[in-house]
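Q: The structure follows.
The values are calculated or read from the model by the stated rules, or taken from the named source; none is laboratory data. Everything numeric in this text was worked out from a predicted model, so none of it was measured. All Cβ positions, even for glycine, are placed from backbone atoms using ideal geometry, and neighbour counts span all protein chains on display. Ligands, DNA and RNA are excluded from the accessible area calculation, which covers all protein heavy atoms including side chains. Shrake-Rupley method; radii C 1.70, N 1.55, O 1.52, S 1.80 Å.
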Amino acid sequence: LGSKLLILNAKNNDLTGPLPPSLGEMRRLIKLELSMNELNGTMPESIAKMTNLETLNLWDNHLTGSVPDIFGANFTELDEVRLHKNDLKGIIHF
């Protein structure tokens, strides 16, 4: 499933728990929309493998810790990032 999936939209579905490191295996994904859930924990470093992402929306969850230094040269297609309404810290470098 993950090798063919292009869009994962599970916005406002009462999802709980941490983002799994295996999320990074969805390398063809262009849109990840998991906003308005109850996700917690940190953003996995494996997101760095998702270099086709155009949209990353994780806002309005309970994510904590530092934003991984995953953005920049590897994410040439990324044009929308929404991480607000979490408890994330750090600087996003583009």
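Q: What about Asp60, is it in contact (Cβ under 8 Å) with a residue 24 or more places away in the chain and either basic (Lys, Arg) or surrounded by fewer than 17 Cβ atoms within 10 Å (Cβ to Cβ) (or both)?
A: No; evaluated as a whole, the condition is false for this residue.
Q: What tally of residues in the stretch 69-91 results from selecting those that are touching a residue at least 24 places away in the same chain (Cβ under 8 Å), within 19 Å of Ile30 (Cβ to Cβ) and in a loop (DSSP other than H, G, I, E, B)?
A: Residues flagged as touching a residue at least 24 places away in the same chain (Cβ under 8 Å), within 19 Å of Ile30 (Cβ to Cβ) and in a loop (DSSP other than H, G, I, E, B) within the stretch 69-91 amount to 8.
Q: Still on this structure: Got a number for residues in the stretch 46-74 being within 14 Å of Leu88 (Cβ to Cβ) and in contact with a Gly (Cβ under 9 Å, 6 or more places away or on another chain)?
A: 9
Q: Out of all the residues in the stretch 15-29, is one or more in contact with a Ser or Thr (Cβ under 8 Å, 6 or more places away or on another chain) and at positive phi?
A: no
Q: When you scan the stretch 1-57 for strands (runs of 3 or more DSSP E) that lie fully inside it, which ones turn up with 1 or more residues that are open to solvent by 20 Å² or more (accessible area, probe 1.4 Å) and of a type in the set (Lys, Arg)? Spell out how you get there, then give the answer.
A: Working: elements: 7-9, 16-18, 31-33, 38-41, 55-57.
Once the strands (runs of 3 or more DSSP E) in the stretch 1-57 are filtered for at least 1 residues that are open to solvent by 20 Å² or more (accessible area, probe 1.4 Å) and of a type in the set (Lys, Arg), what remains is 31-33.
Q: Name the residues in the stretch 34-59 that are among the small types (Gly, Ala, Ser) and under 13 Å from Ile70 (Cβ atoms), would you?
A: Residues of the stretch 34-59 that are among the small types (Gly, Ala, Ser), as a first pass: 35, 41, 46, 48.
The answer is Ser46, Ala48.
Q: Quick check on my filter: what residues within the stretch 73-87 are open to solvent by 60 Å² or more (accessible area, probe 1.4 Å) and either under 12 Å from the mean Cα position of the chain (by Cα) or closer than 16 Å to Leu32 by Cβ (or both)?
A: The answer is Asn74, Glu77, Asp79, Arg82, His84.
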